[in-house]
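The block underneath contains the structure these notes are about, expressed in structure tokens.
The values are calculated or read from the model by the stated rules, or taken from the named source; none is laboratory data. Just so we're clear, the structure is a prediction, and the values are computed from it rather than from any experiment. Cβ placement follows ideal geometry from the backbone for every residue including glycine, while neighbour counts extend to all protein chains displayed. With ligands, DNA and RNA removed, areas are computed over all heavy atoms of the protein, side chains included. Shrake-Rupley method; radii C 1.70, N 1.55, O 1.52, S 1.80 Å.
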Amino acid sequence: MDDSTLQTPPTQSALRTLTPPSSSSSSQLNLSAEAASKHIDRLLNSSYHTGPSRTIYSDRFIPSRSGSNFALFDLVSPKASSTAEGREDTSSAYATLLRAALFGPETSGGVAFPATPDKRSTPSRNIFRYKSETRRSMHSLLPFGFDEAVQGVNHGPVKAPRKVPRSPYKVLDAPALQDDFYLNLVDWSSHNVLAVGLGNCVYLWNACSSKVTKLCDLGMDDSVCSVGWAQRGTHLAVGTSNGKVQIWDASRCKRVRTMEGHRLRVGALAWSSSLLSSGGRDKTIFQRDIRAQDDFVSKLSGHKSEVCGLKWSYDNRELASGGNDNRLFVWNQHSIQPVLKYCEHTAAVKAIAWSPHLHGLLASGGGTADRCIRFWNTTTNSHLSCMDTGSQVCNLVWSKNVNELVSTHGYSQNQIIVWRYPTMSKLATLTGHTYRVLYLAISPDGQTIVTGAGDETLRFWNVFPSPKSQNTDSEIGASFLGRTTIR
């Protein structure tokens with residue numbers, strides 16, 4: 001029995017029994033040690049009873065463990081301890097996992113770790129420990145992360161969904177911005193300059209200073225059908241309704257050269273270093289090297305109707321083209337026939353975007369009769385998934401900072417949707433345009449998009465986070481509030 005446990009003081013007769021009288025004989029005083037020990041044990045271990053009128057007091061509660069549910073606390077009953085000595089307890093498992101986390105697996109490099117003392121010799125279990133009856137994973141006992149051991153399990157706190165502003169931070173009036181699905185009249189350069197085709201003129205808007213510059217005027221007999229910045233951001237290609245492609249030096253506001261080849265309007269442009277691709281209403285695609293004297297170096301044939309979408313992959317190895325024939329083609333740098341053909345769309349394919357995060361991942365969107373965004377793996381030539389958006393898909397652009405993309409729409413909702421890939425869950429739906437959102441471009445920092453529509457407005461939205469922090473506002477969007485005219 002525990003030394004601190006108090007019993008009711010023994011009676012005087014008992015005390016006298018334990019204290020030999022002085023007059024006792026020497027034989028009675030010299031009791032054997034064995035007899036005295038047995039006598040004391042009998043007194044301590046016997047069920048001592050007092051009179052019914054006497055109350056027993058104690059300063060400590062000792063629970064009766066005969067009815068305890070040891071299994072609930074993952075403990076071994078004292079009666080069963082002899083049969084459960086081989087069972088590894090929680091403390092031993094924790095120590096093993098802790099050593100593995102700190103020093104690596106015990107078998108790695110032949111390093112032997114000091115053994116943990118056997119805890120069974122000194123019981124240290126706490127019966128009042130908080131514990132669920134559901135057995136936890138052994139890896140949850142680790143003092144720090146062990147996610148690599150449990151694939152797909154995240155022990156960190158769940159992040160709240162990112163908030164996307166529902167209103168544009170700036171609106172520009174853009175008179176004569178055409179409401180034509182097959183044109184591409186807005187592009188944003190790497191030098192933070194926005195090019196917009198309005199009627200027969202091209203205007204430049206500097207996002208840093210809000211300065212507007214008129215770059216060119218094609219005259220009454222021609223009009224702008226497409227604009228596209230070179231990757232370095234100093235030269236701008238302009239496709240015209242007469243089938244010509246003009247190259248302009250934006251820093252000097254000077255035309256560098258004019259290239260021919262198309263018989264009808266040029267509605268799509270795409271740059272790959274010094275190579276410029278142009279797609280026209282004459283169903284053809286021309287590859288033009290601006291360093292060469294010839295107007296084009298190759299002609300790509302395959303579409304059966306107007307080419308309205310062109311995009312080079314980020315590694316400049318593949319060109320994706322979409323047409324009014326509901327076809328999506330993929331070309332390589334040297335092919336004159338498409339190397340991949342996708343025919344699943346049921347309407348014109350203008351919206352095309354390559355993922356900057358995964359090589360060969362291509363997104364495309366169909367027109368009014370299709371309304372779907374489809375994803376393709378051009379490396380394996382496979383169709384990955386399809387999302388019905390409910391309205392005409394006019395444009396797609398992928399964020400370079402996070403694995404998200406934006407789509408703009410026409411009939412019948414005229415909305416802008418921010419998607420999280422690959423779940424394709426909607427982060428935000430933005431509205432404000434009263435006509436189809438036919439034009440889309442993204443800022444060089446990857447945080448801001450500009451949208452254009454037949455309502456003759458350009459709207460600027462902060463939709464993506466910065467590369468370093470998802471809470472940092474765009475440097476562009478914070479400075480220019482209000483509504484102005486681009487010309």
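Does THR408 satisfy the criteria of being open to solvent by 30 Å² or more (accessible area, probe 1.4 Å) and under 18 Å from GLN392 (Cα atoms)? No; evaluated as a whole, the condition is false for this residue. Exactly one residue out of ALA453, ALA428 is surrounded by 22 or more Cβ atoms within 10 Å (Cβ to Cβ) and touching a strand residue (DSSP E or B) at 6+ places or on another chain (Cβ under 6 Å): that is ALA453.
Restricting attention to the range 348-363, which residues are in a strand (DSSP E or B) and under 21 Å from the mean Cα position of the chain (by Cα)?
The initial filter retains those residues of the range 348-363 that are in a strand (DSSP E or B), namely 349-354, 361-363.
Listed by number, the residues that qualify are ALA353, TRP354, LEU361, LEU362, ALA363.
Within the range 347-372, the set of residues being surrounded by 21 or more Cβ atoms within 10 Å (Cβ to Cβ) and more than 30 Å from GLN413 (Cα to Cα) is empty.
Counting only residues that are open to solvent by less than 40 Å² (accessible area, probe 1.4 Å), assigned to a loop (DSSP other than H, G, I, E, B) and not acidic (Asp, Glu), the range 177-190 holds 5 of them. Within the range 190-212, residues that are without any contact (Cβ under 8 Å) to a residue 12 or more places away in the chain have Cβ atoms under 8 Å from residues that are not in a strand (DSSP E or B) in no pair, counting only partners at least 6 apart in sequence or on another chain.
Any residue at all in the range 288-296 that is within 20 Å of TRP376 (Cβ to Cβ) and surrounded by fewer than 20 Cβ atoms within 10 Å (Cβ to Cβ)? No - not one qualifying residue is present in the range 288-296.
Looking only at residues of the range 373-405 that are aliphatic (A, V, I, L, M) and farther than 17 Å from ASN462 by Cα, we find that the one that is surrounded by the fewest Cβ atoms within 10 Å (Cβ to Cβ) is LEU384. If I ask for residues that are part of a loop (DSSP other than H, G, I, E, B), touching a Ser or Thr at 6+ places or on another chain (Cβ under 8 Å) and among the hydroxyl-bearing types (Ser, Thr, Tyr), which ones from the range 397-420 would you list? Within the range 397-420, TYR411, SER412 qualify. Scan the range 331-346 and tell me whether some residue there is open to solvent by 50 Å² or more (accessible area, probe 1.4 Å), closer than 28 Å to LYS214 by Cβ and touching a strand residue (DSSP E or B) at 6+ places or on another chain (Cβ under 6 Å). No: zero hits. A single member of TYR421, TYR435, TYR411 is at pLDDT 95 or above and within 25 Å of TYR182 (Cβ to Cβ), and it is TYR435. Counting the residues of the range 191-247 that are open to solvent by 10 Å² or more (accessible area, probe 1.4 Å), of a type outside the set (S, T, N, Q) and in a loop (DSSP other than H, G, I, E, B) gives 12. Of all residue pairs spaced 6 or more apart or on separate chains, none has beta-carbon atoms under 7 Å together with a first member in the range 369-386 that is under 22 Å from ASN324 (Cβ atoms) and of a type in the set (Asp, Glu) and a second member that is surrounded by 21 or more Cβ atoms within 10 Å (Cβ to Cβ) and at pLDDT below 95.
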